Amino acid sequence: MNRNEIAVAVLRIEGTNMEDEAAAAFISSGVRAEMVHLKQLEGRCTQARRRSLQDYSMIVIPGGFSAGDYVRAGAIFASRIKASIGKELLSFVDEGKPVLGICNGFQVLVELGMLPSGGEKGELLPRAALGTNMSCRYECRPAFLKNVNRGHCIFTSMIPEGAVLSIPTAHGEGKMTFPPSRSEKWIRKLEELDEMVFRYVDDRGEYAGYPWNPNGSAYNIAGVTDDTGFVLGMMPHPERTYWRYLHTDWTRTDMPPDSHGDGMLIIESAVRYVESHL
């Protein structure tokens, strides 16, 4: 597939607020990106505005506060997806098409039960939760992420295993937790199946607590994939560091401000996968 033929749907509802930034990052990679409201996929709009998942090569669920984050962050958005296009979304992934959930989008995928999969497939049933940050407040700060994926996730193909990226966080509910009686079992399973992708580290690349782990997430988990490797959910925002000048420290480095930032590696990895496989 030629790059200019790749169509990315940035899925939104009331309350999402990072769709512009997500679309801009993908457009910067040379693909077409369209902001699509869920109602357009449900057919609850005029004929001219209707869209189908089959119109797209990739789905991005951006950050924000969908439906005001009432009930739980991402819960209402997930419920609406499940009730309308849930089975279509599973088929979309089965076709080898990527899905990226960023921040609120990660919360949506966890509420849907698409992440983490832990080898279980075909049932939209939540297995984990992204709860209130351990600090009990909104955390907007630079973060360092170590890529711990061994090659299963298509979103990390351009990132060496063990490499550390600088990607900012901005969320109030990002603490990944599992059922207390099975937490260690779930973590071992994610490691064994290579479904763990990013972990929070400090500025030396070492695992550390708050503020380096901004939410208190179990095992410093910042992002996970599913059993296919085509779905990635992460709390930090790669679209906010697509360009070097978006990094908080760009004035203190020798790198040109218009060079690519760390977030580009995640987005470009997905685009290259679609380019060569679909």
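Here, each number is a calculation from the coordinates, and none is a lab measurement. Bear in mind that the values here come from a model prediction, so they are computed numbers and not experimental data. All Cβ positions, even for glycine, are placed from backbone atoms using ideal geometry, and neighbour counts span all protein chains on display.
I'd like to compare 127-138, 230-241: which one has the highest average count of other Cβ atoms within 10 Å, and what's the full order after that?
The peptides rank, most packed first, as 230-241, 127-138.
Averaging the inverse of every distinct alpha carbon separation and then flipping it gives the Kirkwood radius. What is it for the range 152-217, in angstrom units? Mind dumping the intermediate values first?
Details: mean 1/r = 0.0737 Å⁻¹.
Mean inverse Cα-Cα distance, inverted, gives 13.6 Å.
Would you kindly state how much longer the chain becomes between Asp20 and Glu191 on full extension, computed as 0.36 nm times their sequence separation minus their alpha carbon distance, in nm to one decimal? Show your work: numbers first, answer last.
On the way: separation 171, 0.36 × 171 = 61.56 nm, distance 3.36 nm.
This chain segment gains 58.2 nm when fully extended.
Would you mind giving the three semi-axes, in whole Å and largest first, of the ellipsoid equivalent to the range 136-278 according to its Cα gyration tensor?
Values: eigenvalues 116, 84, 29 Å².
Its equivalent ellipsoid spans semi-axes of 24, 21, 12 Å.
Which length gain, in nm to one decimal place, applies between Met158 and Leu278 when the Cα-Cα distance is subtracted from 0.36 nm times their residue separation?
Working: separation 120, 0.36 × 120 = 43.20 nm, distance 1.82 nm.
Between Met158 and Leu278, full extension yields 41.4 nm more.
With r as the distance between the Cβ atoms of Asp203 and Arg3 and R0 = 30 Å, compute the FRET efficiency 1/(1 + (r/R0)^6) and round to 0.05.
Working: r = 35 Å, r/R0 = 1.16.
That pair, Arg3 with Asp203, gives E of 0.30.
What FRET efficiency comes out for the pair Thr177/Asp254, r = Cβ-Cβ distance, R0 = 30 Å, nearest 0.05?
Working: r = 41 Å, r/R0 = 1.36.
Efficiency at R0 = 30 Å is approximately 0.15.
Per residue and in Å³, how big is the convex hull formed by the alpha-carbon atoms of the range 64-155?
Values: hull volume 11.6 nm³, N = 92.
So the per-residue hull volume is 127 Å³.
Assuming a viscosity of 1.567 mPa s and a temperature of 4 °C, what translational diffusion coefficient in µm² per second does Stokes-Einstein assign to the chain, Rh being the Kirkwood radius over Cα pairs?
D = 70 µm²/s.
Within the range 37-81, find all residues whose amide N lies under 13 Å from a label point positioned 7 Å from the Cα of Leu124 along Cα-to-beta-carbon.
Within reach of a label on Leu124: 42, 75-81.
Note down the relative contact order for the chain as a percent, whole number, built from C-alpha pairs under 8 angstrom at least six residues apart. Working shown, then result.
Details: 644 pairs, mean separation 53.6, N = 278.
Dividing the mean separation by the residue count of the chain yields 19 percent.
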